[in-house]
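First comes the structure, then the notes that go with it.
Computed from the coordinates by the stated procedures, all read-outs in this text should not be read as laboratory data. Bear in mind that the values here come from a model prediction, so they are computed numbers and not experimental data. Here the Cβ positions follow ideal geometry from the backbone for every residue, glycine too, while neighbour counts run over all protein chains shown.
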Amino acid sequence: MSTSPVDVPLVDVVLPCLDEEGALPWVLGRIPDRWHAIVVDNGSTDGSARVAAEHGATVVQEARRGFGSAVHAGLVAATAPYVAFCDADASMDPADLVALAEPVMSGDADLVLGRRRPTTRGAWPVHARIANLALARLMRRASGVALHDLGPMRVARRDELLALDLKDRRSGYPLEMVLRASESGWRIREQDTPYSPRVGRSKVTGTIRGTSVAVRDMSRLLREAGR
């Protein structure tokens with residue numbers, strides 16, 4: 001049976017997932033029309049995969065732990081011409097991706113990132129915000145792009161993302177994407193997006209240990225970019 005153009009998703013939304021059973025119903029219910037969710041289960045011990053499938057998402061299993069591993073598995077599994085990325089913890093509203101996608105779809109930008117703007121005081125832990133500010137400053141110096149956030153919400157064309165040949169499979173993946181895109185002459189833009197308290201505890205920014213691992217991964221990439 002042939003597939004109607006109406007059935008082909010315009011954008012695939014990659015959602016890396018580790019024990020997000022409680023957040024997924026809300027997140028998947030906010031996926032825009034003609035967009036499709038790809039939930040990458042990165043070793044969940046709860047019912048995340050089942051809940052994702054029940055809500056119409058494609059579920060990809062990625063056994064190798066790491067943010068980069070999960071996100072890249074989703075990128076490889078995507079089939080739509082555009083790919084969006086968003087956390088699966090309900091801290092970000094997938095509906096906000098529409099505004100990020102517009103400049104890419106219109107040809108005005110190659111990569112658009114969401115600059116997180118906390119909706120409440122406790123949405124973004126202080127230690128994580130300080131680390132993000134420091135890394136963003138170094139990223140601006142290394143890439144020459146005036147960005148203020150290393151947040152995970154972003155949109156680009158699938159084929160061009162794959163052509164970047166990203167290698168990091170841990171917390172450095174979002175930074176490597178920006179660095180490689182800048183080296184390739186991409187037009188990179190940043191837009192404000194609301195950032196709310198997540199459902200459950202963060203595996204990265206919610207803990208000092210997780211934040212320190214992310215800082216080490218990204219610092220290594222920045223040193224390599226400096227060389």
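Between residue 223 and residue 192, the simple label model (points 7 Å from Cα in the Cβ direction) yields a spacing of 3.7 nm. Placing a label point 7 Å from the Cα of residue 216 along the Cα-to-Cβ direction, the residues of the range 119-153 whose backbone N falls under 18 Å of that point are 128, 131-132, 135. By definition, a body whose alpha carbon gyration tensor gives a ≥ b ≥ c is oblate when a/c is 1.5 or more and a/b is not larger than b/c, and the range 16-80 fits this oblate description. Given a Förster distance of 41 Å, report the FRET efficiency between residue 165 and residue 120 from their Cβ-Cβ distance, rounded to the nearest 0.05. Approximately 0.60, to the nearest 0.05.
So in the range 7-226, what percent of DSSP beta bridges are antiparallel if you round to the nearest 5? Display every interim value, and only then the final one.
Details: 7 of 30 bridges.
The antiparallel fraction comes to roughly 25 percent.
With a/c under 1.5 counting as rounded, go ahead and sort the range 7-226 into rounded, prolate or oblate using the C-alpha gyration tensor (a ≥ b ≥ c being the square roots of the eigenvalues; past the cut-off, prolate if a/b is larger than b/c, else oblate).
Numbers: a/c = 1.43, a/b = 1.15, b/c = 1.25.
Rounded.
For the chain, modelled as a GNM with alpha-carbon contacts under 10 angstrom, which of 38, 130, 188 fluctuates the most? Looking only at 38, 130, 188, the largest GNM fluctuation is found for 130. Our estimate of slack between residue 130 and residue 77, defined as 0.36 nm per intervening residue step minus the Cα-Cα distance, is 15.7 nm.
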